[in-house]
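Any read-out appearing in this document is the output of simple, stated calculations on the displayed coordinates, not a laboratory observation. Quick caveat, the model's predicted, so the values are computed rather than measured. Neighbour counts run over all protein chains shown; Cβ positions are idealised from the backbone, glycine included.
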Amino acid sequence: MAFLDALNDTTSIKICEHARLLEVASAMLGQERLLRVAACLLGQQIEEANKYSIRDKLNGRQLFYAVEQTDCLTMQLKQCLGECAAWHVDILWTGQGGADKVMQMSRDWTCSCCWLNRPTVYIADTSGQQLGKLIDPCNLCETGLEAQTPDGETIFYANGGCCQLGVCCPLPCGPCSKVEYEIQDPEGSPIGLLTKKVPGICKFCFAPDVDNYLLFFGESDVWADPMHKALMISMAILMDFRYFSENPNDEDDGLVDGDMIALNSGESGHHNMTIGLE
């Protein structure tokens with residue numbers, strides 16, 4: 001497959017998360033009131049589909065485009081049901097100028113609590129054949145994920161401490177702008193690095209839940225199979241879903257009586273809204 005051949009020659013990847021343009025356009029058109037009403041049905045802000053551009057970091061060539069395919073209702077439920085909610089992401093091969101679906105990440109509805117029934121994401125090809133899976137183990141003081149074969153054999157881990165400055169105090173500059181995860185093989189030897197990076201001050205101010213991810217594949221037999229690199233790309237997307245999708249600009253106030261009266265009477269009022277920049 002062409003996408004596997006491209007990954008075989010790749011030593012580093014850059015994943016850029018796209019900000020949500022719908023909220024910006026709605027604000028410009030004065031439609032924030034409509035979004036506010038819809039959001040308050042759940043007492044939450046409106047969620048939009050996550051989208052990612054995936055490039056070869058060395059030459060800048062776009063290899064993939066990942067887009068969330070979760071339905072609108074489930075997308076809103078993710079805010080209140082957290083790790084129990086389902087979601088799906090299609091990964092499209094764009095390296096030859098097209099946009100052909102080659103993989104899908106699927107997280108089914110699951111009742112998860114603490115260490116019981118931990119969230120699992122399945123990676124499959126377009127025929128539905130499982131290529132691997134990602135496990136989110138119960139971590140007390142760390143954040144980390146595990147990649148496994150379809151049979152449950154561990155391929156590699158991503159380990160990161162919770163005491164990093166980028167976790168405690170994320171900012172768009174200096175050591176606070178990044179969070180690093182060491183990639184380790186089943187024996188615990190380092191074989192790569194996954195870094196979450198704040199993209200810049202503008203996006204940080206308006207869309208602080210939008211991040212970039214840098215993936216480095218070290219010298220290891222693990223990466224001899226390019227499908228393992230594809231699993232690491234999927235792991236970075238899962239990490240964004242699990243740990244870095246909360247937007248501090250979101251307000252969970254809901255509509256109070258005064259807001260409802262203003263809406264019914266057509267009076268203007270003050271409404272909060274998440275704004276993203278492309």
Starting from the amide H of residue 131, placed 1.01 Å from N in the peptide plane, find each other amide H under 5 Å away whose residue is 5 or more places distant or on another chain.
123, 124, 125
Full extension from residue 9 to residue 83: what is 0.36 nm times the residue separation minus their Cα-Cα distance, to one decimal in nm?
23.2 nm
Each label point is 7 Å from the Cα along the Cα-to-Cβ direction; what then is the distance between the points at residue 124 and residue 216, in nm?
3.6
For residue 49 and residue 193 in one chain, what is 0.36 nm times their gap in residues minus the Cα-Cα distance, to one decimal in nm?
49.2 nm
